[in-house]
1. Would you confirm whether or not the range 47-69 contains a residue that is in a loop (DSSP other than H, G, I, E, B), surrounded by fewer than 16 Cβ atoms within 10 Å (Cβ to Cβ) and among the small types (Gly, Ala, Ser)?
Amino acid sequence: MIYRYFIVIISCFLSIASFAQEQKKQANINSILYEGNDLYHQHKYAESDKLYEKAQGKNNQDPVAFYNRGNALMQTKKYEPARKQFEKALTLTADKNLRAKAYHNIGNSFSEEKNWKSAVDAYKNALKSNPADRESKYNLAYAQEMLKKQDQKKDDQQKDKDKKDNKDENKEDKKDDKKPEDKNDKDKDKKDKDKQQSEEEKKKEEEQKQQQSQSEAQKMTEQRAAEMLNAVQQSEKKVQERKGEAGKTSPKKLDKDW
């Protein structure tokens, strides 16, 4: 980007004697402008700005005073106030060279602010006043390229935003759709779990009852067996007793046979 800030050098032409008073006034203004230009070239932009403002106070129809002051403000990065000075100069002059310079510097001020669309318009206006200005042509091409990139970036950002919004919206919809299912699934899981737990408890109770029945049956079987064994033993004992009685001989009394 080429930035160009030209200070217009005032050529003072002597007028005829009838305009001596006007000459004196203009000479005084020119003197102030020359002094401002000297300070400008010494990079004393704030001091030169004050002198250009002073010149404006003496003649508020002098386009050079406004143009030069705009340049001083540009150097102190006061871009919007500088543009107002250039725009004022444009309303006061029909000189194509000065108009081209004013539009060129307006374009520069917008470029500094990365307002590429306004910069493009300003450089185009500069070329209308001076089509041969190579610096305005270069700056116009540069500003157009930057505007294209800026627009592309905005489009990409908008696409990313839309994509993110759609993604968040879909995510929210899925979340909403999933809530009743989750609730139903949880209820179903709870019911299944309760049912399983109930079945397990029932099965456990049946096993306990079965074990208890088996234990009782075993006890009864052992008791019955003991009773039967006892009965057999008692019966056998009685049989043995009977046998013992049958084998005994009763003692007989022998009478003498006298």
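Since every read-out is calculated from the coordinates, none of them should be taken as a lab result. Here the structure is a predicted model, which is why all the values come from computation and not from measurement. Positions of Cβ are generated from backbone atoms using ideal geometry, with glycine treated the same way; all protein chains shown enter the neighbour counts.
1. There is no residue in the range 47-69 that is in a loop (DSSP other than H, G, I, E, B), surrounded by fewer than 16 Cβ atoms within 10 Å (Cβ to Cβ) and among the small types (Gly, Ala, Ser).
Conditions tested, residue by residue: (1) on the phi < 0 side of the Ramachandran plot; (2) without any contact (Cβ under 8 Å) to a residue 24 or more places away in the chain; (3) in contact with a helix residue (DSSP H, G or I) (Cβ under 7 Å, 6 or more places away or on another chain); (4) not small (Gly, Ala, Ser).
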position	(1), (2), (3), (4)
ASP62	yes, no, yes, yes
LYS78	yes, yes, no, yes
PRO81	yes, yes, yes, yes
ALA100	yes, no, yes, no
ALA122	yes, yes, yes, no
ALA126	yes, no, yes, no
ALA132	yes, yes, no, no
SER136	yes, no, yes, no
TYR142	yes, no, no, yes
